[in-house]
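Enquirer: Structure in structure tokens, see below.
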Amino acid sequence: MNFKRIFLVVLDSLGVGEALDANEYGDNGANTLKHIMDNYDLFVPNLEKLGFLNTINMSDKEEVDAYYTIAKPTNVGKDSLTSHYEMMGIKSTTPFKTFNEKAFPRELLEEIEKETGKRVIGNKVINGETIINELGERHLSYGSLIIYTSSDSTLQVAAHEDVIPIPRLYQYCEKIRKITLKDEYKIARVIARPFTGKPGKFKFTADRCDYAVKPPKRSVMNSLKDNDFSVISIGKISDIFDGEGITKIVKSSYNNMDTINKLTDIMTKKFTGLCFINLSDFDSLYAHTRDLEGYARAIEEFDVEIPLILNKLENDDLLIITADHGNDPTFPGNSHTRENVPVIIFGRRFKEPKKLEPLKSLADIGATIAENFEVEAPEIGESFLDKLK
């Protein structure tokens, strides 16, 4: 075992350039990080020292503090589930369905109304904060379920806590989850979104609950858990994997800063294994809404936290910073973009960190983790552990 603890941090949607098959997704020219930098004077000195900015064009950087490279996506689709699956060594050939053109078909809505006994309103491709303030007052009057989707494979159900108590909302979402497992729908996640407040000032609470599908196969996380290593999830990781292969769930409000605070707290604890973190604000708050300046500020805010994170690393710790896909805020629409992702690898013991050759798959990350802890290698991915010196 080279490293006792590995911290894997996913900057949700922060891609660094179109993937080889971007044309198959209509994403030629996408480059989330580059286009943010083209339109905003990004100040990220700490990430820059780690070689983060050099991943855009894989340029050489002298006196870099970390190994840096990119990873190429190989799983079909560009949603969070398939990319996280790939990262943990699961090959997926069937994409989940999205409903980001006309929202959900009438047949699905009728099934939901029949199973829940509640009227459905909304059915839009829209940001959550926008729709609850648009339809919240109507919801208060009629007790209807507000249903909407993002450009991801999600069906989100919003309800005011005073109208539909949280336990009941969860029950409705469990029923909807069963319906949407059917082949004609095949939706990755059903998400319960409780909110509070008064008209014009509605706000989501921290009691969001995701109902994902079970991963199609065992992952590196399962192998770690089976061998009595810790697998700690922070943010939406547990939701993505539906709890599979996880030994400890650290709940956060899905807010980047809250998630980072939970991470730095875990870093003070003694454990052996993997801590897996997703910072979702980049994607959910800024990329999908095409808020380029907000996205840039979120990157800068993360950069400020880098010294604190690095200072909490012990000599036998490994930090990997990466992303799951792209979501270029300068691109038309509000969908994810098929992009390569940055991979930054930092350890205190490294003698000569430098640029590495591009990784053939996000699965190389999972393969490296598996080799480090000497557990079963995943079905896909090649370890780069021997390159870390």
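Enquirer: I'd like to check something: does the range 111-125 contain any residue that is free of Cβ contacts under 8 Å to residues at least 24 places away in the same chain and on the phi > 0 side of the Ramachandran plot?
Expert: yes
Conditions tested, residue by residue: (1) under 25 Å from Asp226 (Cβ atoms); (2) at pLDDT below 95; (3) in contact with a Leu (Cβ under 6 Å, 6 or more places away or on another chain).
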position	(1), (2), (3)
Asn334	no, yes, no
Arg338	no, no, no
Lys354	no, no, no
Leu359	no, no, no
Ala363	yes, no, no
Ala367	yes, no, no
Glu376	yes, no, no
Gly381	yes, no, no
Phe384	yes, no, no
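Enquirer: Return the only residue of Asp265, Asp242 being in a loop (DSSP other than H, G, I, E, B) and either surrounded by 19 or more Cβ atoms within 10 Å (Cβ to Cβ) or of a type in the set (Asp, Glu) (or both).
Expert: Being in a loop (DSSP other than H, G, I, E, B) and either surrounded by 19 or more Cβ atoms within 10 Å (Cβ to Cβ) or of a type in the set (Asp, Glu) (or both) holds for just one of Asp265, Asp242, which is Asp242.
Enquirer: Given the criterion in contact with a strand residue (DSSP E or B) (Cβ under 8 Å, 6 or more places away or on another chain), crowded, with 20+ Cβ neighbours inside 10 Å and either farther than 26 Å from Thr154 by Cα or free of Cβ contacts under 8 Å to residues at least 12 places away in the same chain (or both), identify the matching residue among Thr98, Thr32, Thr55.
Expert: The unique qualifying residue is Thr55.
Enquirer: Being closer than 15 Å to Lys49 by Cβ and either not in a helix (DSSP H, G or I) or not hydrophobic (A, V, I, L, M, F, W, C) (or both) narrows it down to one residue among Asp324, Asp328, Asp303, Asp283; which is it?
Expert: From the options Asp324, Asp328, Asp303, Asp283, the qualifying one is Asp303.
Enquirer: Shifting gears a bit: I'm trying to understand the selection: among the residues of the range 144-163, which are assigned to a loop (DSSP other than H, G, I, E, B), modelled with pLDDT of 95 or more and within 19 Å of Ile176 (Cα to Cα)?
Expert: Ser144, Glu161, Val163, listed by residue number.
Enquirer: Turning to a different aspect of this structure: Out of Leu274, Leu285, Leu318, I need the residue that is farther than 24 Å from Met88 by Cβ and either touching a residue at least 12 places away in the same chain (Cβ under 8 Å) or of a type in the set (A, V, I, L, M, F, W, C) (or both). Which one?
Expert: On the way: Leu274 fails: farther than 24 Å from Met88 by Cβ; Leu318 fails: farther than 24 Å from Met88 by Cβ.
On inspection, the qualifying residue turns out to be Leu285.
Enquirer: List the number of the failed condition for Gln171; all other conditions in (1) touching a strand residue (DSSP E or B) at 6+ places or on another chain (Cβ under 8 Å); (2) of a type in the set (S, T, N, Q); (3) outside any strand (DSSP E or B) hold.
Expert: Every listed condition holds for Gln171 apart from (1).
Enquirer: Another question, then. Taking the range 69-95 as the search range and keeping residues that are outside any strand (DSSP E or B) and hydroxyl-bearing (Ser, Thr, Tyr), which one is surrounded by the fewest Cβ atoms within 10 Å (Cβ to Cβ)? Reasoning before the result, please.
Expert: Of the residues in the range 69-95, the ones outside any strand (DSSP E or B) are 72-95.
Add one more test, that the residue is hydroxyl-bearing (Ser, Thr, Tyr), and what stays is 74, 80, 82-83, 85, 92-94.
Details: Thr74: 19, Ser80: 27, Thr82: 28, Ser83: 26, Tyr85: 26, Ser92: 19, Thr93: 9, Thr94: 11.
Going through the qualifying residues, I end up with Thr93.
Enquirer: Within the range 32-68, can you find the residues that are among the aliphatic types (A, V, I, L, M), outside any loop (DSSP other than H, G, I, E, B) and closer than 19 Å to Thr330 by Cα?
Expert: The answer is Leu33, Ile36, Met37, Leu53.
Enquirer: Taking Leu47 as the residue in question, decide whether it is touching a helix residue (DSSP H, G or I) at 6+ places or on another chain (Cβ under 7 Å) and in the same structural domain as Gly333 (by TED's automatic domain parsing).
Expert: Yes, satisfied.
Enquirer: Oh, and also: Just name the residue that is nearest to Lys78 (Cα to Cα) out of those in the range 245-260 that are in a helix (DSSP H, G or I) and touching a Ser or Thr at 6+ places or on another chain (Cβ under 8 Å).
Expert: My answer is Asn256.
Enquirer: All but one of (1) farther than 22 Å from Asp27 by Cβ; (2) not in a loop (DSSP other than H, G, I, E, B) hold for Val343, so report the exception by its number.
Expert: Only one criterion in (1) farther than 22 Å from Asp27 by Cβ; (2) not in a loop (DSSP other than H, G, I, E, B) is unmet by Val343, namely (1).
Enquirer: Check Pro329 against each of (1) within 20 Å of the chain's Cα centre (by Cα); (2) free of Cβ contacts under 8 Å to residues at least 24 places away in the same chain and name the one condition it does not meet.
Expert: The one condition Pro329 does not meet is (2).
Enquirer: Looking at the range 295-318, which of its residues are in contact with a helix residue (DSSP H, G or I) (Cβ under 7 Å, 6 or more places away or on another chain) and farther than 21 Å from Ser252 by Cα?
Expert: Ala296, Pro307
Enquirer: Scan the range 175-206 residue by residue and report those that are touching a Gly at 6+ places or on another chain (Cβ under 7 Å), assigned to a loop (DSSP other than H, G, I, E, B) and not aromatic (Phe, Trp, Tyr).
Expert: Passing the criteria: only Pro199.
The values are calculated or read from the model by the stated rules, or taken from the named source; none is laboratory data. This structure is a prediction, so every number in the text was calculated from the model and none was measured. Cβ coordinates were reconstructed from backbone atoms using ideal geometry, including for glycine residues, and neighbour counts include every protein chain displayed.
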